[in-house]
Amino acid sequence: MKLVTVAGPPSSGKTAVTIKAIASLQREGVRVGVVKFDSLSTRDQSLYEKQGVAVTTGLSGNLCPDHFFVSNVGDCLIWGVDGGLDLLVIESAGLCNRCAPHIQGVLAVCVIDNLSGVDTPKKIGPMLKMADVVVITKGDVVSQAEREVFAYRVRQVNSNATIMNVNGLTGQGGHELGRLLQSAPETVDLEGSLLRFSMPAALCSYCLGQRRIGSDFQMGNVKKMVFP
């Protein structure tokens, strides 16, 4: 089975472009499934189900979605293989731009939208810088000049990725994205595989449920600002 990770900021259009790409693959007889990771709630599962896609959802609750993802990704692979899928897409939760859900040897897709601002690519960490494919959405609501500047800024951050525009509403570019997903390498097992970058680090008193503010209540991995 082939495996793909899809990441990106909140509301960038990850689900919309994934559905358009999957629709193209389904017409060619490819059996596709999706695992959707989110934090508190999501209605995306119903969107995939309407498309006739095998889908399951994982909610991280009070845990970091990245850590929740890496703790469950092996079971996701087994679920897809047991379901007889040809391609499994794992869509991560769109939260902080520091997220690092990409795995070595697994096709990595980052979705980012033109409306986020031309400086946004520089603010995004490993999920953009280490992606194999960067999908830019919402190009229909900005000018051609703005699209070109935004794509240039993305290229400055990640010079090796394939950059493409996909419209999540009309589906323009979805077929091409589907072709790229279909070209992903097969993944037999994730045991011992490496993440492309380390997860955000945090193990402090607030991680363990502390709510009181002040140095007396701060323990563990605490990073303090230095003021002039």
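Every read-out reported here was derived from the displayed coordinates using simple, explicitly stated rules and does not represent laboratory data. Predicted model, so just to flag it, every value in this text is computed and none were measured.
Overview of results
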| read-out | value |
| --- | --- |
| C-alpha center-to-center spacing [segment 133-151, segment 60-86] in angstrom | 31 Å |
| Rounded tilt (10° steps) of 14-26 against the dominant C-alpha axis of the chain | 30 degrees |
| Estimated 222 nm signal from helices in the chain, with DSSP H stretches of n ≥ 4 weighted -39500 (n - 2.57), rounded to 500 | -9000 deg cm²/dmol |
| Residues with amide H under 5 Å from that of Val55, placed H, sequence gap 5 or more | Val34 |
| Size of segment 172-228 as Cα extents on the principal axes (Å, biggest first) | 55, 33, 24 |
| Kirkwood-based shape ratio for segment 1-116, expressed as Rg/Rh from alpha carbons | 0.93 |
| When the convex hull of its Cα atoms is projected in every direction, mean area for the chain (nm²) | 14.5 nm² |
| HN-Hα J in Hz across segment 71-82 - Karplus 6.51, -1.76, 1.60, θ = phi - 60°, x for Gly and Pro | 6, 10, 5, x, 5, 4, 4, 4, 4, x, 5, 4 |
| Antiparallel %, DSSP beta bridges [both residues in segment 90-228], to 5 | 20 percent |
